[in-house]
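Okay, structure first, notes after.
The values are calculated or read from the model by the stated rules, or taken from the named source; none is laboratory data. These numbers come from a predicted model, not from an experiment. All Cβ positions, glycine included, derive from the backbone under ideal geometry; neighbour counts span all protein chains shown.
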Amino acid sequence: MICRFKYGFETIEFDIPQKNILALIEVKENDVKKDNLVVLKEALSKPVASPVLPEAVKEKKVLLLVEDATRDVSFRDIFQVIVPQLVQAKFVYAIICTGTHDPDLPGNDQIKQSLSDEFKKNNFRKFEIKAHDCRKGNFVDCGMTSFGNRVLANPVIEDVGVFLALSDMKNHYFAGYSNAIKDFLPGICALETTERNHAMALKDEATFGYHPWHPDFNRRNNPLAKDMEEGFRLITKDRPSYALVTIEKEHKILWSAFGNLEEVTQQGILQVDEMMSQTVEPADFLIVSSGGYPNDETIYTAQRALELSKAAVKPGGKILFLAECRNGIGPQSAKENFFDLLARPLDEVFHLLEQEYIMYSHKAYKFARLIDRCSFIGIHTRLSKSEVERIHLTFVDDPVKLVKKELEANPNVTFNLVNDGNKIALHARSR
């Protein structure tokens with residue numbers, strides 16, 4: 001059986017006998033295939049627990065929250081549909097919600113230009129577009145969460161009456177789900193607020209599939225996501241908050257909803273569970289792709305696919321990770337607090353739980369636990385061999401040859417195959 005995996009802008013093909021494959025796992029698609037613009041317009045025409053968007057923003061100052069260039073989102077299609085709905089607003093502030101990411105990514109400039117073009121095409125001049133920078137400028141003190149986190153946010157929030165978040169939803173390995181709340185915290189917060197929040201990523205309860213807004217009461221215990229939710233409420237206070245949420249695969253919008261931010265997020269959680277979560281039998285060998293660019297643009301970004309799919313491999317099993325990492329390790333702060341930490345002896349990394357949290361160290365801790373659990377993790381990547389070996393992984397120059405040798409050594413070896421690893425959450429089938 002020919003199995004294709006995304007890698008950067010390319011694909012890698014493996015020939016694996018059907019009898020050896022336990023599961024081939026990808027994002028499920030709806031039966032009905034519709035154009036992106038049709039899906040978005042249908043969502044806007046049926047608002048959930050809210051007025052239609054033009055009425056909601058009429059003569060009001062609006063804060064439009066836009067995800068940054070590290071997200072694999074159909075920005076142009078979304079802007080084409082959403083901007084005409086905003087022209088009756090008094091003013092639109094658009095913020096690219098970078099969180100702790102680099103605000104100066106070239107992709108963010110492209111997002112700004114695309115959004116600006118759309119406003120001008122609709123003869124709307126009362127707008128301003130900026131990328132949030134968590135490390136610079138003054139921040140507004142919105143109060144403290146029940147977890148002791150001081151919520152410091154972008155000062156533009158003081159001058160708006162309505163919030164509109166654009167959010168592509170998927171599983172998130174410690175926040176439960178990527179969702180509209182993340183546009184607020186960490187999206188437009190100061191570094192120290194996000195750092196305090198992300199420190200809770202070291203807790204076992206901070207994991208995918210759990211969120212305070214989950215319809216299943218038994219899946220609401222995620223302290224990190226709860227802190228985010230409280231941050232969202234402190235920022236917005238009693239002002240109306242709406243969201244246009246989507247679920248995408250390869251720039252094809254599979255589902256969308258518009259309306260009250262909490263209501264449509266809850267709907268999105270159910271859709272993510274249905275389309276992007278599976279229960280699997282753990283295999284001897286896991287092959288996982290982050291989903292190609294931009295999901296594998298750095299090892300910092302790509303790593304989340306391993307966290308989401310780790311249940312698909314047996315303890316002591318093997319993993320082949322396909323992550324191009326054309327932009328290397330990640331931002332300098334991530335290199336220091338993620339990559340360099342992970343390069344230490346694993347026993348030292350495990351002791352991070354006992355130390356004061358520093359931003360990104362949760363990624364090193366979770367990665368170290370996975371490395372310790374497996375007998376082999378190989379990575380096919382543009383990272384250098386020395387960089388790969390520093391973080392206790394094996395550099396794989398020829399992944400096809402590696403899999404062929406594995407089959408020759410053990411004709412009965414079992415495989416789980418994961419594409420779109422950045423989005424899919426896997427649960428081990430209980431015996």
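The criterion of at least 1 residues that are in contact with a Pro (Cβ under 7 Å, 6 or more places away or on another chain) is met by the following strands (runs of 3 or more DSSP E) wholly inside region 1-76: 10-15. When you check D340 against the structure, is it in contact with a Cys (Cβ under 7 Å, 6 or more places away or on another chain) and of a type in the set (D, E), yes or no? No, not satisfied. In region 188-212, how many are more than 16 Å from Y360 (Cβ to Cβ), touching a residue at least 60 places away in the same chain (Cβ under 8 Å) and surrounded by fewer than 22 Cβ atoms within 10 Å (Cβ to Cβ)? Summing the residues that are more than 16 Å from Y360 (Cβ to Cβ), touching a residue at least 60 places away in the same chain (Cβ under 8 Å) and surrounded by fewer than 22 Cβ atoms within 10 Å (Cβ to Cβ) in region 188-212 gives 1. Within this structure, F395 passes the test of being under 17 Å from T298 (Cβ atoms) and surrounded by fewer than 21 Cβ atoms within 10 Å (Cβ to Cβ). Strands (runs of 3 or more DSSP E) fully within region 229-288 that include at least 1 residues being touching a Lys or Arg at 6+ places or on another chain (Cβ under 6 Å): 277-280. Condition test on K61, is it without any contact (Cβ under 8 Å) to a residue 12 or more places away in the chain and surrounded by fewer than 20 Cβ atoms within 10 Å (Cβ to Cβ)? No; evaluated as a whole, the condition is false for this residue. Scanning region 150-165 for residues that are out of contact with any Phe, Trp or Tyr (no Cβ under 9 Å at 6 or more places or on another chain) and either exposed (fewer than 14 other Cβ atoms within 10 Å of the Cβ) or not in a strand (DSSP E or B) (or both) yields E158, G161.
Residue check: is E192 of a type in the set (D, E) and in a loop (DSSP other than H, G, I, E, B)? So E192 fails the test.
Against the list (1) closer than 19 Å to G316 by Cβ; (2) modelled with pLDDT under 95, the condition K423 fails is (1). Has region 138-149 got any residue that is hydroxyl-bearing (S, T, Y), touching a residue at least 60 places away in the same chain (Cβ under 8 Å), in a loop (DSSP other than H, G, I, E, B) and closer than 24 Å to T265 by Cα? Yes, region 138-149 contains a residue that is hydroxyl-bearing (S, T, Y), touching a residue at least 60 places away in the same chain (Cβ under 8 Å), in a loop (DSSP other than H, G, I, E, B) and closer than 24 Å to T265 by Cα.
With respect to D227, is the statement that it is assigned by TED's automatic domain parsing to the domain that holds V160, out of contact with any Pro (no Cβ under 8 Å at 6 or more places or on another chain) and modelled with pLDDT under 95 true? Judged against the criteria, D227 is not a match. Taken as a whole, region 267-277 holds at least one residue that is buried (at least 23 other Cβ atoms within 10 Å of the Cβ) and at pLDDT below 95. Could you say whether any residue in region 213-224 is in a helix (DSSP H, G or I), of a type in the set (S, T, N, Q) and either free of Cβ contacts under 8 Å to residues at least 12 places away in the same chain or surrounded by fewer than 18 Cβ atoms within 10 Å (Cβ to Cβ) (or both)? Yes; the residues of region 213-224 include at least one that is in a helix (DSSP H, G or I), of a type in the set (S, T, N, Q) and either free of Cβ contacts under 8 Å to residues at least 12 places away in the same chain or surrounded by fewer than 18 Cβ atoms within 10 Å (Cβ to Cβ) (or both).
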